[in-house]
Amino acid sequence: MSERFGRDWWPEGVAFPALRLAAGLILGALTAAALATGTAVAVTALMGAGDLARVALQVLFPTAAGFMVFAATFGFAAMLGLWSARRRDVKAFAALGAACGVVFAFATAMLFGQAPSPTQPIVMGAAGALVLLVARWVAGVRPL
């Protein structure tokens with residue numbers, strides 16, 4: 001296992017790379033949740049409808065929970081796949097994150113017995129790419 005998941009992803013002297021990777025996934029999920037909440041509040045403000053604080057609270061907790069589930073499942077699997085394949089480039093992280101986000105959107109819709117809306121795969125694709133890119137940055141993955 002140590003050969004497959006070596007330390008060549010990180011520059012010399014980086015301490016606790018696996019913990020940095022986990023922290024990156026968590027921060028990536030929280031970043032995506034913050035952006036989704038901010039977008040919902042902005043749309044509500046532009047429409048002039050509703051209490052913005054109430055909208056923020058209604059959106060923040062479910063999206064944070066959803067993105068954390070994504071990071072802990074599909075995001076974690078994607079990171080392990082990229083790590084074992086020794087892929088470090090930004091494009092690989094973004095592409096695999098987007099693909100995992102789209103699959104996650106369809107999987108969660110099927111899990112809850114609903115058809116995904118047309119925007120769910122798009123939003124989750126963008127969020128998946130964001131989560132993995134933030135995780136890559138926080139983890140300190142060495143550039144090519």
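The values are calculated or read from the model by the stated rules, or taken from the named source; none is laboratory data. Source: prediction; values computed, not measured. Glycine also receives a Cβ, built like all others from the backbone with ideal geometry; neighbour counts cover every protein chain displayed. Calculation scope for accessible area: heavy atoms of the full protein, side chains included, ligands and nucleic acids excluded. Shrake-Rupley method; radii C 1.70, N 1.55, O 1.52, S 1.80 Å.
A compact table of results
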| read-out | value |
| --- | --- |
| Test for T73: is it polar (S, T, N, Q), free of Cβ contacts under 8 Å to residues at least 40 places away in the same chain and closer than 27 Å to R142 by Cβ | yes |
| Condition met for M124 (open to solvent by 20 Å² or more (accessible area, probe 1.4 Å), under 18 Å from L30 (Cβ atoms) and part of a helix (DSSP H, G or I)) | yes |
| Residue that is open to solvent by 20 Å² or more (accessible area, probe 1.4 Å), out of contact with any helix residue (DSSP H, G or I) (no Cβ under 8 Å at 6 or more places or on another chain) and at pLDDT 80 or above, where the choices are T31, T39 | T39 |
| Single condition P143 does not satisfy, out of (1) part of a helix (DSSP H, G or I); (2) at pLDDT below 95 | (1) |
| Qualifying positions in segment 104-121 - in contact with a helix residue (DSSP H, G or I) (Cβ under 7 Å, 6 or more places away or on another chain), open to solvent by 70 Å² or more (accessible area, probe 1.4 Å) and assigned to a helix (DSSP H, G or I) | F106, Q120 |
| Which numbered condition V14 fails, given (1) surrounded by 12 or more Cβ atoms within 10 Å (Cβ to Cβ); (2) hydrophobic (A, V, I, L, M, F, W, C); (3) part of a helix (DSSP H, G or I) | (3) |
| Residue ID - most open to solvent (accessible area, probe 1.4 Å), chosen from residues in segment 42-76 that are within 18 Å of F93 (Cβ to Cβ) and of a type in the set (A, V, I, L, M) | A72 |
